[in-house]
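Just so you know, all these numbers are worked out from the coordinates, no wet-lab data involved. It should be emphasised that the depicted structure is a prediction, and the values quoted were computed from it without experimental measurement. Every residue, glycine as well, gets a Cβ built from its backbone with ideal geometry; the counts of neighbours run over all protein chains shown.
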Amino acid sequence: MPTRTPYTRPETYFFLVILILVGILSFLVFMPFLSTLILAGTFAVVIYPAHNKILAILKGKRTFASLVTVFGLVFLIIAPLFLIAAQVFNETTSAYYHITSENSSLTLTVDALQNTFNEKIEKLFPGVTIDLKNYFTGASAWLLQHIGVFFSGTLSIGLRLFLGLFALYYFVKDGPKFIQLFQDHSPIPREHTSILILKLRMSIRSIIGGSIVVAICQGIVSGIGFAIFGIPNPALWGTLAGLAALIPGVGTSLILIPAVVYAFVAGSLFHGIGLGIWGLTAVGLLDNFLSPKLIGGGLKIHPLIVLFSIIGGLTFFGPEGFLLGPLTISLLMALLGIYRMMVKTEEQSIQEQS
């Protein structure tokens, strides 16, 4: 067997320069679709337990099971969410113009609510007032800015959705092969790579599955209650209730309590009482029922971290930041866990040598 000639220092440097240049070019090639691939991988992690059950039902037919999983995700989750987003955009546009109009019924109702609130607050805190109209205008303008991006480039959205579903299919079908490929080529030691993948998976299921999915479900249930009990623009206020569900200690009550007051003022006693009961039962108990099932053995992450990661993600990444922000925090927490293990291993090694 011929002996291998060791590389000289110039050869090693030349190889490293070539490797770095090719790595940069490869990153630039994938960069336009990087967020699409990351989101596809995130969805694959979240739905993989369901895929395993489908795979068992179909007796190991991996290709067919992957197709069933992806199409099930499209018809049961993605398509309804797109329809809800379109309805929210329409209602937000309508609400924004009604609120900014001086003579609309919504403006008059908001003014009446503001006067009622300020009378109560003035008795408790003299000199303190709340400008509800300004808050409503700001909230609807913010939603218009971020939701409207989804509908500003239909062709681009269609292409990215197709590529995302295509990538999701292969991530679900060949997930173990991709993990093996990452482990084989990762510069991190193999045992740390396995732990990194495990912690990242747990963080994703905790943040995406345990917090965001629960908030979305609470928003949908709140919107259904708003529609039943006569609250105008139920999809819009349901979306705001879903966002409020991420605020620790406050949750959906931030939207539900004013909605109940509105139902009493602008609706009827039946609507107000009915919406209050709906909020306490259907919406309030949803978190206690869903969270343990969705998180499972995942990490428990404080809702405040999730909230700021979503807002920061939307600000930095755009609409995809709703998931990319929490995903970045998931990766950070996984890497911090690996770092703690590396430091602990180094300390143990030093102690054994001494």
Quiz item: So if R0 is 22 Å, what FRET efficiency would VAL74 and ASP184 give, r being the distance between their Cβ atoms, rounded to the nearest 0.05?
Solution: 0.10
Exercise. Provide the per-residue ³J(HN,Hα) series for the range 170-187, in order, calculated from phi with Karplus coefficients 6.51, -1.76, 1.60 and θ = phi - 60°, each as a whole number of Hz, with x at glycine and proline positions.
Key: 6, 5, 6, 5, 10, x, x, 5, 5, 5, 4, 5, 5, 5, 5, 10, 6, x
Practice problem: Fewest Cβ neighbours within 10 Å first, please rank ASP184, ASP174 accordingly. | Solution: ASP184, ASP174
Quiz item: Hey, could you pull the Cα Rg and Dmax for the range 186-348, both in Å?
Solution: 19.5, 69
Quiz item: Per-residue HN-Hα couplings for the range 221-236, Karplus 6.51 cos²θ - 1.76 cosθ + 1.60 at θ = phi - 60°, whole Hz, x for Gly and Pro?
Solution: 5, 4, x, 4, x, 4, 5, 5, 9, x, 7, x, 6, x, 5, 5
Quiz item: Ranked by Cβ crowding within 10 angstrom, fewest neighbours first, how are SER194, SER253, SER206 ordered?
Solution: SER194, SER253, SER206
Self-check item: Segment LEU21-LYS59, extension gain: residue separation times 0.36 nm, minus the distance between their alpha carbons
Solution: 9.1 nm
